[in-house]
Amino acid sequence: MKLCILGGGGFRTPYVYQALLRDTGTPRVEEVALYDVDEDRLSAMVAILTELAAGFLDAPRLSPTTELRRAVDGSDYVFAALRVGGLEGRRCDEHVALDLNVLGQETTGPGGLAYALRTVPVMVEAAKAIKELAPDAYVMNFTNPAGIITEAMQSVLGDRVLGICDTPSGLGRRVAGLLGLDHTRVEMDYVGLNHLGWMRRVLYNGRDVLPELLGDDALLAAMEEGHVFGTDWIRTLGAVPNEYLYYYYFNRDAVRTIIDSGRTRGDFLAESQRDFYTRAATAGNGVAELWRSTVERRSASYMAEAKGGTQDAPTHVREREADPAHQGYAGVALGVMAAISRNERQTMILNVRNNGTIHGLPDDAVVEVPTLVDANGVHPLTTDQPNLHQIGLMSQVKDVERHTIAAALTGSKSEAVAAFALHPLVDSVTVARQLVSGYIDRIPEVAAVLTR
């Protein structure tokens, strides 16, 4: 089988390749096409992957290219992880918003909308190329904001596009670990949108064990979510929120912390990645270890503002996966491919078309819910309906997402203003207009989209 990775020069690629190296099933991926517009990054990534493949006699062959159509042609699966506008675009996503005292974050709030505005047209064009050159391929989208991009690509490819996020599955594994349970036997009752969801039950052998967690001060406080939200707030909700809901429940705190730190996540990553790729060009045989150490530093400062630290001095180190090649989004991606190509039926939390799963949202809206994957494709599972708080927030954000897609595909500034103004983390038409103007002025890729 052929796997195409869009954004193949990016930091996520080694995780996916490591998962493929350890996969012993049949059929398996034999070719990995790496697509990226940056030849230097592609060269560095080929060196890293080649080093990781040492000792594996049947390692998937690498086909790096800067030509999208060549990469996509004949693919069985496509893993999409593009960053349109690069890290400079991400810095602007953050700073334009922060300058107006609203949240500057790459997927949540106005920063995420700016990211989507310039990314949707690129990903829709990629979807059209996939439909022409690899019509039977399944697309596993990790390009952020994952829910918006997945929904936009589904307008071309339908249910063959699904969005991947490692946060919900990671939450389930950690809960199981705290309770001393086998995570492979745990089922999660989870509902939401991408980066906006709640774990409502954790079923083990048919029994909900979440009350045991919520009732144990020490266990709950040991979780990242307990540290981020506080144990009392989690108990008030009666569910464990996705960590990105910190930006909704503690919005003013988050904005103030980021502003006071003087350095955003984008600032940190722009510097660290620039340093990495410069060193990678001359690292020789140590390039894979250089990648590992860089990833560790990135992970240590992940969501630092939610954990009482800064990008330079995080106070709560994010736990590492025991085997990154089998966990996180790489593990989910491999699980999807195995389920479809080998009929190894699995249930995973994915971003998929609603199709009546959540009654308060349109059937073609992308939601993040437990999903059965098998040789017949992806099938969202029946779930209990969200409560009023959950469906209210989901509905408002989904409406924002749809205005954003409309703005990106039509170039309408008024649609963009509507998206920003209706977002609960902006809640001001005046500020929304200033955000649209600011992003047009600061980000060329946004200016190229919003032309009318």
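Read-outs throughout are calculated quantities, based only on the coordinates presented, and are distinct from any laboratory measurement. Quick caveat, the model's predicted, so the values are computed rather than measured. Here the Cβ is made from the backbone with ideal geometry for all residues, glycine too, and neighbour counts use every protein chain on show.
In terms of surrounding Cβ atoms within a 10 Å radius of their Cβ, M303, M123 rank from fewest to most as M303, M123.
The tail of the calculated P(r) for segment 388-449 beyond 15 Å holds 50 percent of all Cα-Cα pairs.
Quick test of the membrane-span-like rule: which DSSP H helices of the chain reach at least 27 Å along their long axis (C-alpha atoms) with mean Kyte hydropathy at least -0.5? Within the chain the helices that satisfy the rule are 110-133, 388-410. Considering only DSSP beta bridges whose two residues both sit in the chain, what percent are antiparallel, to the nearest 5? Bridges in the chain that DSSP calls antiparallel: roughly 55 percent. Taking amide H atoms as placed 1.01 Å from N in the peptide plane, the amide H of R28 has no partner under 5 Å among residues 5 or more positions away or on other chains. Loop-located trypsin sites (Lys or Arg not before Pro) in segment 329-432 (DSSP state not H, G, I, E or B) with no more than 15 neighbouring Cβ atoms inside 10 Å: R345. Put simply, the amide H of V139, placed in the peptide plane, has neighbours under 5 Å in V78, V161, L162, leaving out anything fewer than 5 places away on its chain.
Computing FRET efficiency as 1/(1 + (r/R0)^6) for T430 and E125, where r is the C-beta to C-beta distance and R0 is 22 Å, gives about 0.05. Estimated at 0.36 nm per residue, the fully extended path between T383 and A270 surpasses their Cα-Cα distance by 36.6 nm. Taking other Cβ atoms within 10 Å as a rough exposure proxy, H183, H389 sort from fewest to most as H389, H183. Pairwise inverse Cα distances across segment 31-147, averaged and inverted, put the Kirkwood hydrodynamic radius at 15.9 Å.
Just to confirm a number: summing +1 for Lys and Arg and -1 for Asp and Glu over residues other than L290 whose beta-carbon lies under 12 angstrom from that of L290, what do you get?
Numbers: positive: R279, R292, R297; negative: E51, D275, E289, E296.
Residues near L290 contribute -1 overall.
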